[in-house]
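A.B. asks: Encoded as structure tokens, here's the structure I'll be asking about.
Every number in this text was worked out from the coordinates using simple rules, so none of it is lab data. From a predicted model like this one, the values you see are computed outputs, not experimental measurements. Virtual Cβ from ideal backbone geometry, glycine too; neighbours counted across all protein chains shown.
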Amino acid sequence: MANFQATWAPDNRTLRTWGRPDQAVTPPVSVPIFDTVVRASGQATFVTGPPASTFTHPGVVLGAQQLDFVKAKLAAGAEPWTSEFNKMMIDAVGTSGANWPLSANTGRLYSSLSWVPTPWATVSVGASGQASNGDQDEMADLQAAYCHTLIWYYKGTRANAQMAIRILNAWATTIQTHLFSTDPTLSNGRLQTGWAGNLFSRSAEILRYSFTPTGSEVALNVAAISAAFDRAYIPLVRYGWTGGGCNWHTSMTAAHLGMSIFNENKPEFDRALVNHRNWVKSYAYMAGDINQWPQLRGYPMSLHLLPDSGVCIYDKSTTTTTQMNSYWYNPTSYSSGMWNESGRDPIHVAMGISGLSTICETARLQGIDLYGEESLRIRTTLERNAGWLIDVYVNQPNVRPPTTYSPWPYAYNGWGGPNHAARNSYVTHWNHFVNRLGFNMPLLNQLISDYVMPAVINNTSNTHVRNDHDYPWDPLVMYGTP
């Protein structure tokens with residue numbers, strides 16, 4: 001068995017990795033100052049990493065150019081930004097369902113200046129939200145902080161900046177850890193940390209570089225936030241998860257990148273990039289993909305973790321075709337554009353696709369084109385899944401799947417209802433590939449115009465179409481941005 005190697009180069013920013021448990025791969029005599037990723041074939045290859053210069057700030061999901069673009073649109077009363085801002089202002093924490101009904105602020109508007117921060121020292125949550133301890137307060141609080149941060153930046157109201165800062169400071173000085181194990185009562189710990197770290201870092205990044213306190217105003221506690229990221233968040237997201245799950249991995253990578261940028265930690269930023277490049281091909285299938293295991297040739301790529309992270313259960317010489325089919329929700333065949341959780345339900349697809357856009361958008365602000373590295377795979381996946389959502393929610397409103405969209409090789413049993421988080425998650429990808437780059441993507445275009453943007457907020461029936469998980473209010477912050 002070959003020895004794994006994963007070491008930092010002398011420049012303290014470059015992660016070198018080579019080797020697999022079943023293959024002896026001899027490292028080159030002279031390793032260039034590049035990030036090293038392991039291809040599915042097991043052979044080491046070198047990919048240029050991020051620039052050695054300092055990070056761009058603000059640079060987590062939203063940069064100054066994007067923030068200022070929306071700010072100008074709102075000042076001019078332009079649409080759809082004005083309507084989307086108004087939707088955010090009346091969005092509230094849910095009282096039932098999946099929208100944090102157990103939080104201390106249940107029923108309160110995220111934009112409320114009466115918000116009460118409720119930090120926990122230890123956060124834990126199990127599968128499907130069971131054994132909830134602090135996770136719903138964490139998510140509700142961090143979504144509220146993001147809401148107040150956006151209001152501050154777009155409207156200049158200092159009270160909103162102060163509310164966001166109070167929430168972030170409270171969590172930074174309180175949170176000690178997120179619990180995670182395979183026990184069903186703790187098994188969502190890393191996913192929770194990804195969601196929360198993603199929101200935490202984007203709000204903190206904007207406030208750090210846009211708000212200067214005066215007089216008796218409270219300052220953002222940068223040192224405490226940085227320490228909290230190092231203590232309670234980054235250790236949970238940097239290794240991935242041996243159980244697979246692409247929506248987990250995109251959320252964790254997005255959070256890892258964001259927190260590394262806030263902390264100006266190049267080694268962790270580089271690690272997050274290496275993780276992404278190792279994992280991304282396993283999220284969506286493209287014809288021609290070759291699984292690295294002989295018994296799985298013709299199947300999607302297995303998710304390959306770095307040596308210090310363990311081994312994914314779908315990346316072993318003992319992984320069976322039955323296991324791989326089950327992981328992909330038992331399609332009758334594999335064809336280009338299938339997302340790993342397309343056969344599960346549209347909400348989990350939305351989580352994964354949104355996480356991927358957050359990763360790519362954050363990297364783009366730092367001068368790295370992750371969109372371009374997998375452009376065809378991402379665009380094919382977006383069109384495929386957009387067509388299915390159009391069939392379910394536009395062409396046949398409220399008709400329970402399975403649908404007539406073809407080809408769709410699933411006996412589909414999941415259901416998210418017509419108003420759910422799948423609406424938000426496609427906007428950032430649409431903005432990049434269609435608005436910025438001009439790709440012809442008719443199904444994605446129709447999904448945005450006919451399904452995503454018309455969504456309305458209905459707090460009475462808990463229609464959480466704008467504030468879901470770690471990608472709230474994307475149609476406001478991303479639509480049309482340069």
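A.B. asks: Read phi for every residue in the range 324-333 and hand back ³J(HN,Hα) as whole Hz from Karplus 6.51 cos²θ - 1.76 cosθ + 1.60, θ = phi - 60°, with x for Gly and Pro.
C.D. replies: 5, 4, 5, 4, 9, 6, 6, x, 7, 6
A.B. asks: What residues have an amide H closer than 5 Å to that of Arg344, excluding those fewer than 5 places away on the same chain, when H is modeled at 1.01 Å from N in the peptide plane?
C.D. replies: Residues meeting the amide H criterion: none.
A.B. asks: Still on this structure, I have one more. For Glu79 and Thr185, calculate 0.36 nm times their separation in residues minus their Cα-Cα distance, and state this gained length in nm to one decimal.
C.D. replies: Values: separation 106, 0.36 × 106 = 38.16 nm, distance 4.45 nm.
That works out to 33.7 nm of additional length.
A.B. asks: DSSP loop (so not H, G, I, E, B), at most 12 other Cβ within 10 Å: list which GluC sites (Glu not before Pro) in the range 208-282 pass both filters. Could the numbers behind the result be given before it?
C.D. replies: On the way: sites: Glu217, Glu264, Glu268; in loops: Glu217, Glu264.
Of the GluC sites (Glu not before Pro), the ones in loops of the range 208-282 whose Cβ has at most 12 other Cβ atoms within 10 Å are Glu264.
A.B. asks: Please turn the phi angles of the range 134-150 into ³J(HN,Hα) values with the Karplus equation 6.51 cos²θ - 1.76 cosθ + 1.60 (θ = phi - 60°), one per residue in order, whole Hz, x for glycine and proline.
C.D. replies: Coupling constants for the range 134-150: x, 5, 6, 5, 4, 5, 4, 4, 6, 5, 5, 4, 5, 4, 5, 5, 5 Hz.
A.B. asks: A follow-up question, please. Lys and Arg at +1, Asp and Glu at -1: add these up for the other residues within a Cβ distance under 12 Å of Met351 and post the number. All intermediate terms of the calculation are to be shown ahead of the outcome.
C.D. replies: Values: positive: Arg344; negative: Glu341, Asp345, Asp468, Asp470.
Local charge sum for Met351: -3.
A.B. asks: Next up: Tabulate in residue order the Karplus-calculated ³J(HN,Hα) for the range 190-198, using 6.51 cos²θ - 1.76 cosθ + 1.60 with θ = phi - 60°, rounded to whole Hz; enter x for Gly and Pro.
C.D. replies: So the Karplus estimates, Gly and Pro as x, are 6, 5, 4, 5, x, 4, 5, x, 4 Hz.
A.B. asks: Assuming R0 = 45 Å, can you tell me the calculated FRET efficiency for the pair Thr321 and Ser216, based on Cβ-Cβ distance, to the nearest 0.05? Don't jump to the answer; show the numbers that get you there.
C.D. replies: Values: r = 65 Å, r/R0 = 1.45.
Plugging the Cβ-Cβ distance into 1/(1 + (r/R0)^6) gives 0.10.
A.B. asks: With labels modelled as points extended 7 Å from the Cα through the Cβ direction, what inter-label distance (nm, one decimal) is found for Gln176 paired with Val116?
C.D. replies: The modelled label-to-label distance comes out at 2.4 nm.
A.B. asks: Between Ile313 and Ser335, what FRET efficiency comes out of the Förster formula 1/(1 + (r/R0)^6) with R0 = 41 Å and r the beta carbon distance, rounded to 0.05? Could the numbers behind the result be given before it?
C.D. replies: On the way: r = 24 Å, r/R0 = 0.59.
For R0 = 41 Å, the calculated efficiency reads 0.95.
A.B. asks: For Lys87, go through the lysines and keep the ones whose alpha-carbon is under 19 Å away, minus same-chain ones fewer than eight residues off.
C.D. replies: Lys71, Lys73, Lys155
A.B. asks: Next question. Lys and Arg at +1, Asp and Glu at -1: add these up for the other residues within a Cβ distance under 14 Å of Val125 and post the number. Present the calculation step by step, with values, prior to reporting the outcome.
C.D. replies: Working: positive: Arg190; negative: Asp135, Asp137, Glu138, Asp183.
Once all neighbours under 14 Å are counted, the net charge is -3.
A.B. asks: Around Ser103, with a cut-off of 12 angstrom between Cβ atoms, what is the net charge of the other residues, counting Lys and Arg +1 and Asp and Glu -1? Write down the numbers at each step before the final one.
C.D. replies: Numbers: positive: Arg108; negative: Asp135, Asp137, Glu138, Asp141.
Combined, the nearby Lys, Arg, Asp and Glu give -3.
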